[in-house]
Amino acid sequence: MSETTSTNEEKKKPPLNGRRAIPSNNSNEEENEVPEIEAFGLIPRGFNPKDYLRAVDIHMFKEPHEINKQQHHTDKYYSPKLIVRRGQIFQIQIDFNRPYKPETDQFWLEYLIGRYPQQNKGTYIPILVGNVLKPGEWGAKITHKENNSVRLSIMSSATCIVGKFRLYVAVWTPFGIIRTQRNSATDTYILFNPWCQQDAVYLDDEKEREEYVLNDVGIVFHGNINDIKLRSWSYGQFEENILDACLFLMDKAELELSGRGNPIKICRVASAVINSRDDNGVIAGSWDNAYTYGVAPSAWTGSVDILLEYYSSKQPVRYGQCWVFAGVFNTFLRCLGIPARLITNYSSAHDNNANLQLDFFLDDEGKLDTKLTKDSVWNYHCWNEAWMTRPDLPVGFGGWQVVDGTPQETSDGMYRCGPASVQAIKHGHVCFQFDAPFVYAEVNSDIVFSRRQKNGIQVIEKIDTTHIGQLIVTKEVGGDGMMEITEEYKFQEGSEEERLALETAVMYGVKKQSTQDVYQPQTDVDMDFQVQKAVLGSDFKVTITFRNRSRNYYTATAYLSGNIVFYTGVAKSEFKKHSFSAKLEPSSSSAFDVVIKASEYMSDLLDQASFHFFVTAQINETGKILAMQKATVLEVPALRIKTQGELVAGKVMSVTVEFTNPLKQTLENVTLRLEGPGVLRTMKKEFRQIPANSTLIWEVKTIPRQPGLRKLIASLDSNALRHVYGELNIQVQKP
């Protein structure tokens, strides 16, 4: 019998490693056995632990309305355990079997995390009871004694590991140490503390802390630069099991526990584990419009479903695109207490060879050569900013850091990006880790149109220096509006400072090819075009305008190409080709309309109803080429959300979602989703069909949990129509 048990024991042991005496401690979930009686030697016969001081019960004051969660801003977490922030005092009470006598009794607290706790790694923390608490250092002091109970104030270190700790009370006796039993009810979660000046994530503005740490709903700006659209996203960082799911992500990334007090390390590993490339992380990306085996990226209304599915299945959740990666990343950061916000960069460059220019190649007739053109302009791209000090960089580069979980390029061998200092990007100091050159290119590249002539020589026809990174935005603090932060990333276009920042970036190794010598801009004729705003399913027109500034009479051969594109700027198909001749009178403007019919684009339409128009024109008399490109997005109908009855926490309320199908066709395989943090967990309903012009109504009953201003968010997904959203702000009263 004894043999079998020993072999089982051996199986559990991790493989030996000749390099380190203790295996790596990179799981918050795993535990070690802690002896209840740790003898100093042979225990004499008459020894009875009950004769000595013994902890009978520990009160954690962990209810949302009690002192700890109130003072630590953790009362919103839907968890029965104690959750505190580091570097700040919290209270517990210990009931002993008899009154505590400080002259003869000696007890201390032990906090442990992981399977191999060690004091020098910060994974085993013994706390002696003293008279004074030093700010930002571990310590405990008795604040109140009554009968058999003592009340303790405990201060945690402002740099301690973030995670779930186990608590033991240890009592000294002449023969050995007696400890409390393992009790999961006394587990203590310790988080980052933006309210504590010694914490690396300290943020000094209360309104900003409320927004970037405590707000559980946000806004995603999408669409394109000429047609900004917005939708709400439920971060849900306080919902049930989300904190455990976020801690699991660090276990999944195998981040050593001793490194989990450092926001730089946490952000770096999280930006890799948020996507599934190379580590089976949280979300599998898909940009090909085929989502048969999962959920279309546009159908998600928030992060909670994604994180909980991953936490239970341990398999990547399908599917995401940039705003889904950014939404889930934001939940992760805010949940752990790192201030974070979701950013949208309009006209974002994805530069495949990092040379600060996007190369668009035209053939000898001036049409786009899709085989040669590898770079793309994303209509928009979402990433995150996390707030922290950067002691690894020179002074002045702390504050907002770019982190991006969308898999675009590898960094140190994995698909991840950041943290990169926004301040360093603005000033061109791209030598500072991590991935600053990539982000610099996303907001600063030039678009270069070049044409290969019949003799094989490449001629640069146009350089557009202002198209990329035209507008960078995030949600405003305390409201649903848009806040422009372009100036935090770059100086004014054409300013002296901007030129200096570019020269600095080039000096630090960002490749920039010299194009000035071969490029003479066309001066006497200008071309521009406008795309009419249109609703999905209707016809619209593109108006091309020429302005002839010279005194010469010119004729031009113009070509319009209409492409259906992914929001990443990658073309799926060309649905419109139109050539026309234009007569350009001296010193005058002339406009030409091209009509785009719904029947031309409906069959090939993608998720975000995005088009990309290319117009090129050749001046016949001079041979000069004019080239221009623009993206546009169609208007998509919205969902309507209504509530009935009184809205009181703890009482049943009714929510209805309505939608009218605007298309001339029946919608099939329709899925509706509805969620609202603190009001209702995500609900789904499927409908086989919605005929043309008919209205669907879905009613749901729910009991709101939390009073205050809340938000309901709904989405509709179907084969022919996506990115349909609705939202409603509601005020839930106290009972």
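The values are calculated or read from the model by the stated rules, or taken from the named source; none is laboratory data. Remember, predicted model here, so these are calculated numbers, not experimental data. Positions of Cβ are generated from backbone atoms using ideal geometry, with glycine treated the same way; all protein chains shown enter the neighbour counts. Remember, those area values only see protein heavy atoms, side chains included, never the ligands or the DNA or RNA. Shrake-Rupley method; radii C 1.70, N 1.55, O 1.52, S 1.80 Å.
Out of all the residues in the range 709-722, which are part of a loop (DSSP other than H, G, I, E, B) and open to solvent by less than 20 Å² (accessible area, probe 1.4 Å)? Show your work before the answer.
Filtering the range 709-722 for residues part of a loop (DSSP other than H, G, I, E, B) gives 718-722.
Selection gives Ser718, Leu721.
Answer with yes or no whether Val657 is modelled with pLDDT of 85 or more and either part of a loop (DSSP other than H, G, I, E, B) or surrounded by 13 or more Cβ atoms within 10 Å (Cβ to Cβ) (or both).
yes
Consider the range 482-504 and keep the residues that are touching a Phe, Trp or Tyr at 6+ places or on another chain (Cβ under 7 Å) and more than 30 Å from Arg231 (Cα to Cα). The one that is most open to solvent (accessible area, probe 1.4 Å) is Glu497.
Looking at Leu249, Leu230, Leu255, Leu243, which is the one that is open to solvent by 10 Å² or more (accessible area, probe 1.4 Å) and part of a helix (DSSP H, G or I)?
Leu243
Residues in the range 440-466 that are in a loop (DSSP other than H, G, I, E, B) and over 30 Å from Ile343 (Cβ atoms) were compared, and the one that is least open to solvent (accessible area, probe 1.4 Å) is Gly456. Scanning the range 334-385 for residues that are part of a strand (DSSP E or B) and among the charged types (D, E, K, R) gives Arg341, Asp359, Glu385.
Of all residues in the range 529-580, count the ones that are outside any strand (DSSP E or B), open to solvent by 20 Å² or more (accessible area, probe 1.4 Å) and more than 30 Å from His222 (Cβ to Cβ). Walk me through how you get there before you give the answer.
First, the residues of the range 529-580 that are outside any strand (DSSP E or B): 532-534, 536-539, 549-553, 566-570.
Now restrict to residues that are open to solvent by 20 Å² or more (accessible area, probe 1.4 Å): 532-533, 538-539, 549, 551-553, 566, 569-570.
If we keep only those that are more than 30 Å from His222 (Cβ to Cβ) as well, we get 549, 551-553.
Result for the range 529-580: 4.
Among the residues in the range 683-694, are any more than 22 Å from Gly236 (Cα to Cα), hydrophobic (A, V, I, L, M, F, W, C), outside any loop (DSSP other than H, G, I, E, B) and within 33 Å of the chain's Cα centre (by Cα)?
Start the filter on the range 683-694 by keeping residues that are more than 22 Å from Gly236 (Cα to Cα), which leaves 686-694.
Next, only the ones that are hydrophobic (A, V, I, L, M, F, W, C) stay: 687, 690, 692.
After this cut, where a residue has to be outside any loop (DSSP other than H, G, I, E, B) as well, the list is 687, 690.
Among the residues that remain, those that are also within 33 Å of the chain's Cα centre (by Cα) are: 687.
Yes - at least one qualifying residue is present in the range 683-694.
Restricting the range 616-645 to residues that are more than 30 Å from Leu230 (Cβ to Cβ) and touching a Gly at 6+ places or on another chain (Cβ under 9 Å) leaves a set whose member that is most open to solvent (accessible area, probe 1.4 Å) is Gln618. Here Ala296 qualifies as over 19 Å from Cys417 (Cβ atoms) and open to solvent by less than 30 Å² (accessible area, probe 1.4 Å). Of the strands (runs of 3 or more DSSP E) lying entirely inside the range 32-122, those containing at least 3 residues that are surrounded by 14 or more Cβ atoms within 10 Å (Cβ to Cβ) and in contact with a strand residue (DSSP E or B) (Cβ under 6 Å, 6 or more places away or on another chain) are 55-59, 82-85, 89-96, 107-112.
Between Glu365, Glu385, Glu409, the distinction of being over 30 Å from Lys624 (Cβ atoms), open to solvent by 40 Å² or more (accessible area, probe 1.4 Å) and either out of contact with any Asp or Glu (no Cβ under 8 Å at 6 or more places or on another chain) or polar (S, T, N, Q) (or both) belongs to Glu409 only. Between Gly469, Gly479, Gly396, the distinction of being more than 23 Å from Ala272 (Cβ to Cβ), assigned to a loop (DSSP other than H, G, I, E, B), open to solvent by less than 10 Å² (accessible area, probe 1.4 Å) and not acidic (Asp, Glu) belongs to Gly469 only. Looking at the structure I just gave you, is Leu152 among the hydrophobic types (A, V, I, L, M, F, W, C) and loosely packed, with under 14 Cβ neighbours inside 10 Å? Here the answer is no, as Leu152 does not meet what is asked. Here is the figure for the range 581-616: residues that are free of Cβ contacts under 8 Å to residues at least 40 places away in the same chain, in a strand (DSSP E or B) and among the aromatic types (Phe, Trp, Tyr) total 0. The set of residues in the range 123-132 being open to solvent by less than 50 Å² (accessible area, probe 1.4 Å) and either touching a helix residue (DSSP H, G or I) at 6+ places or on another chain (Cβ under 9 Å) or more than 18 Å from Thr186 (Cα to Cα) (or both) consists of Thr123, Ile125, Pro126, Val129, Gly130. For the range 694-708, indicate whether the set of residues that are closer than 30 Å to Asp364 by Cβ, buried (at least 19 other Cβ atoms within 10 Å of the Cβ) and not basic (Lys, Arg) is non-empty. Taking every residue of the range 694-708 in turn, none turns out to be closer than 30 Å to Asp364 by Cβ, buried (at least 19 other Cβ atoms within 10 Å of the Cβ) and not basic (Lys, Arg). All conditions but one from (1) out of contact with any Pro (no Cβ under 9 Å at 6 or more places or on another chain); (2) under 22 Å from Ser157 (Cβ atoms); (3) open to solvent by 30 Å² or more (accessible area, probe 1.4 Å) apply to Gln197; the one that does not is (1).
Hey, among the residues in the range 489-507 that are under 19 Å from Ala436 (Cβ atoms) and of a type in the set (Ser, Thr, Tyr), which one's farthest from the chain's Cα centre (by Cα)? Top of the filtered list is Thr504.
Of the residues making up the range 169-194, those that are within 20 Å of Ser258 (Cα to Cα) and either open to solvent by 10 Å² or more (accessible area, probe 1.4 Å) or in a strand (DSSP E or B) (or both) number 4.
Could you say whether any residue in the range 506-522 is modelled with pLDDT of 85 or more and open to solvent by 80 Å² or more (accessible area, probe 1.4 Å)?
Narrowing the range 506-522 to residues modelled with pLDDT of 85 or more: none.
No, the range 506-522 contains no residue that is modelled with pLDDT of 85 or more and open to solvent by 80 Å² or more (accessible area, probe 1.4 Å).
Pairing each residue of the range 641-660 that is at positive phi with any residue that is open to solvent by less than 70 Å² (accessible area, probe 1.4 Å) and among the aliphatic types (A, V, I, L, M), provided the two are 6+ apart or on different chains, yields C-beta distances under 7 Å for Gly645/Met653. The set of residues in the range 723-734 being open to solvent by less than 70 Å² (accessible area, probe 1.4 Å) and outside any strand (DSSP E or B) consists of His723 alone. Checking Gln93, Gln118, Gln70 one by one, the residue that is in contact with a His (Cβ under 6 Å, 6 or more places away or on another chain), more than 22 Å from Asn241 (Cβ to Cβ) and not acidic (Asp, Glu) is Gln93 and no other. Within the range 420-439, the set of residues being in a loop (DSSP other than H, G, I, E, B), out of contact with any strand residue (DSSP E or B) (no Cβ under 6 Å at 6 or more places or on another chain) and not hydrophobic (A, V, I, L, M, F, W, C) comprises His427, Gly428, His429, Gln433. Restricting the range 258-268 to residues that are open to solvent by 30 Å² or more (accessible area, probe 1.4 Å) and touching a residue at least 12 places away in the same chain (Cβ under 8 Å), the residue that is nearest to Gly327 (Cα to Cα) is Asn262.
Rundown of residues vs (1) β-branched (Val, Ile, Thr); (2) out of contact with any strand residue (DSSP E or B) (no Cβ under 9 Å at 6 or more places or on another chain); (3) touching a residue at least 40 places away in the same chain (Cβ under 8 Å), yes/no style:
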| residue | (1), (2), (3) |
| --- | --- |
| His467 | no, no, yes |
| Thr474 | yes, no, yes |
| Gly478 | no, yes, yes |
| Met482 | no, no, yes |
| Ile485 | yes, no, yes |
| Lys490 | no, no, yes |
| Gly494 | no, yes, no |
| Arg499 | no, yes, no |
